[in-house]
Amino acid sequence: MASDKPTGTKKSTSTPKAKKASSGRSATKKAAPAAKASSKTQVSAKKAPAKKVPAKTSAKKAAKKAAKKASVSDAPVKTSAKKARKQPAPLRGRQASVEAKRLSGWDFATWRMATDDPVMRSTMIGLLVLDSSPDWSAMKQRFERATRLAPILRSRVIEGPIGLQTPRLVVDPDFDLSFHMRRFSMPKGSTWADVLEDARRQSMADFDRDRPLWRATLLEGLPGGRSALIMKLHHAIADGQGAVQLGLALFDFAPEGADLGPMPQEPEPAVLDTTGFLEAVIRNNVGWVARTAEDAIRGLGPLTMEAVKNPGDLISRARRTAESVMRFTKVPFGPLSPIMQQRSINYHFDTIDMDFAAYKAAAKKRDRSVNDLFLAAISVGMHRYHERMGRPVDELRMNMPISLRSSGDDAANAVTIARFEIPISNAIDDVLEAAAQTVRSWRAEPALRLADNLAEFSRFLPPELLSAAAQTSDLTASNVPGVPVPVWLCGAKVERMYPLVATIGAAINITMLTYAGVASVGISTDDAAVDDREELIRSLRYGFREVIGTPVLAGNPLTIRS
């Protein structure tokens with residue numbers, strides 16, 4: 001099994017400052033009782049040389065250092081790793097059904113497939129480029145706060161004694177923040193390719209399934225004094241928009257930070273054993289039957305009246321829903337691309353950057369949405385790639401996440417996957433129209449409202465069949481709205497945000513995230529499916545340039561000039 005343990009070329013940057021501070025406090029306590037000792041202390045203090053301040057230290061750096069300290073108003077707290085907790089009593093009865101959160105149908109399908117087949121591992125990476133190194137102590141405090149505000153970051157997945165039972169999420173009584181946060185110094189001369197290589201190794205490594213499904217790694221010592229934060233999440237606990245919401249718990253909207261108030265209370269930990277798990281399953285299922293029966297009784301009257309008044313319309317609606325479900329659950333025989341047929345557990349990351357203002361202007365000029373242009377650019381790029389490889393193709397099968405999120409949803413998953421064929425062509429207007437119509441029709445599919453319930457049936461299908469069905473998709477494309485204004489992380493300005501998503505059975509995953517006027521695209525390519533990765537990236541850059549009409553950057557944020 002792969003491991004995301006860093007290679008030996010990196011050196012830990014942890015320092016013994018805390019130890020020194022502790023010893024200083026101890027010396028002060030010993031000196032207090034005796035006047036003689038106090039006198040000696042004063043003499044020693046006089047002899048102690050004054051702390052030297054480097055001549056090159058500027059007022060700007062001093063102000064920045066002060067801003068880092070001000071960004072976290074919390075008094076130091078003991079993190080979960082240092083607390084000796086008493087194990088809580090196992091959950092029972094109604095408490096088990098309420099406190100042990102049940103994974104949704106899609107989350108369960110994602111979890112199960114990632115467990116049974118490494119090709120289907122559902123890892124998301126949020127890669128942040130920072131203009132400097134954030135204050136590490138302040139950052140640990142900020143993550144501590146985030147885990148208290150979003151208990152999903154402290155929750156682990158508990159599986160039942162039978163594989164068909166939907167797993168539960170409970171707050172981990174053994175949660176250890178230090179396990180999830182790491183800090184390394186990159187070797188001198190490191191490049192953007194080195195950062196992406198570290199991100200891909202972490203992405204391909206599986207999670208420790210006995211702990212919460214996330215990890216944060218800070219890489220320091222990059223060119224220009226920059227650093228990079230690799231935030232790794234499992235797709236079963238957050239979708240793209242959910243990951244953005246979790247990230248907002250970490251950011252400041254000004255360099256000097258803000259007063260966040262007192263540290264929130266820790267969520268109560270829980271233990272779910274086999275007995276409690278089975279009790280939760282029974283209660284949840286009984287509750288589901290009761291709610292379904294109640295809804296049926298309430299709707300029976302209006303439904304009967306509608307059947308009497310217009311029986312033909314009722315039958316027509318039922319038929320449309322059934323046909324929609326058939327389209328939604330249809331299993332293709334294989335990928336449509338003649339050259340992207342194979343799949344593996346290895347993939348690589350690449351990035352592309354674009355001026356989002358120019359992107360929106362191009363969409364407005366064509367009277368199209370940003371997402372329409374996104375899909376059209378991919379179509380033009382994939383057309384060029386297949387032409388260059390000598391195997392032209394007319395259409396490809398695409399996965400596209402469709403958000404079901406409402407304003408009241410939390411950071412957990414609220415998404416389903418639409419799968420459809422998209423034309424592959426360099427005729428931009430034709431592709432734009434086809435893409436727009438396809439997406440509109442899928443958003444209107446009656447089966448979309450039943451997506452989570454349909455995903456529940458995946459438990460009765462062999463994992464090999466589900467994995468094989470997922471691998472019939474040529475590519476996955478997703479457009480995630482991000483933060484529109486600049487943000488800071490514990491004194492360091494966030495210059496770029498990149499979404500890097502595992503291929504999850506497809507040959508290619510292309511995800512776009514907008515942040516502070518920049519549209520950043522993360523591309524993951526399966527090593528077995530893509531023979532010429534450099535040509536593929538050139539073709540995709542060509543596609544975006546043709547559709548948007550402006551130059552497209554290669555995606556090397558370490559060359560950004562402040």
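Restricted to the stretch 412-436, and to residues there that are assigned to a loop (DSSP other than H, G, I, E, B) and more than 26 Å from PRO338 (Cβ to Cβ), the residue that is modelled with the highest pLDDT is ALA414.
When ILE162 is tested against (1) surrounded by fewer than 22 Cβ atoms within 10 Å (Cβ to Cβ); (2) at pLDDT 95 or above; (3) among the β-branched types (Val, Ile, Thr), just one condition goes unmet, and that condition is (2).
Conditions (1) without any contact (Cβ under 8 Å) to a residue 24 or more places away in the chain; (2) touching a His at 6+ places or on another chain (Cβ under 9 Å); (3) assigned to a loop (DSSP other than H, G, I, E, B), marked per residue:
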residue: SER337; (1), (2), (3): no, yes, yes
residue: ALA362; (1), (2), (3): no, no, no
residue: ASP367; (1), (2), (3): yes, no, yes
residue: ALA376; (1), (2), (3): no, no, no
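Applying the set (1) in contact (Cβ under 8 Å) with a residue 60 or more places away in the chain; (2) assigned to a loop (DSSP other than H, G, I, E, B); (3) surrounded by fewer than 18 Cβ atoms within 10 Å (Cβ to Cβ) to GLY189 leaves exactly one unmet item: (1).
Restricting SER137, SER178 to those that are surrounded by fewer than 20 Cβ atoms within 10 Å (Cβ to Cβ) and within 15 Å of ARG215 (Cα to Cα) reduces the list to SER178.
Looking only at the stretch 150-186, residues that are touching a helix residue (DSSP H, G or I) at 6+ places or on another chain (Cβ under 9 Å), of a type outside the set (Ser, Thr, Tyr) and part of a helix (DSSP H, G or I) come to 6 in all.
Of ASP210, ASP194, ASP198, which residue is closer than 30 Å to SER97 by Cβ and modelled with pLDDT of 90 or more?
The conditions single out ASP210.
When restricted to residues that are part of a helix (DSSP H, G or I) and among the acidic types (Asp, Glu), the stretch 103-137 contains 2.
Against the numbered list (1) of a type in the set (Lys, Arg); (2) touching a residue at least 60 places away in the same chain (Cβ under 8 Å); (3) part of a loop (DSSP other than H, G, I, E, B), LYS86 comes up short only at (2). How many residues does the stretch 91-102 hold that are buried (at least 23 other Cβ atoms within 10 Å of the Cβ) and in a helix (DSSP H, G or I)? Total satisfying the criteria: 1.
Let's see how each residue does on (1) crowded, with 20+ Cβ neighbours inside 10 Å; (2) on the phi < 0 side of the Ramachandran plot; (3) assigned to a helix (DSSP H, G or I); (4) of a type outside the set (Lys, Arg):
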| site | (1), (2), (3), (4) |
| --- | --- |
| MET512 | yes, yes, no, yes |
| VAL521 | yes, yes, no, yes |
| SER524 | yes, yes, no, yes |
| ALA529 | yes, yes, no, yes |
| ARG545 | no, yes, yes, no |
| PRO551 | no, yes, no, yes |
| LEU558 | no, yes, yes, yes |
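Of the listed requirements (1) hydrophobic (A, V, I, L, M, F, W, C); (2) at positive phi; (3) out of contact with any helix residue (DSSP H, G or I) (no Cβ under 9 Å at 6 or more places or on another chain), CYS490 misses just one: (3). I want to confirm something. Restricting to the stretch 437-462 and keeping residues that are under 27 Å from the mean Cα position of the chain (by Cα) and under 16 Å from ASN371 (Cα atoms), which single residue is modelled with the highest pLDDT? Filtering first and then ranking leaves THR438.
The values are calculated or read from the model by the stated rules, or taken from the named source; none is laboratory data. This structure is a prediction, so every number in the text was calculated from the model and none was measured. Quick reminder, even Gly has a Cβ in these numbers, built from the backbone with ideal geometry, and neighbours come from all protein chains shown.
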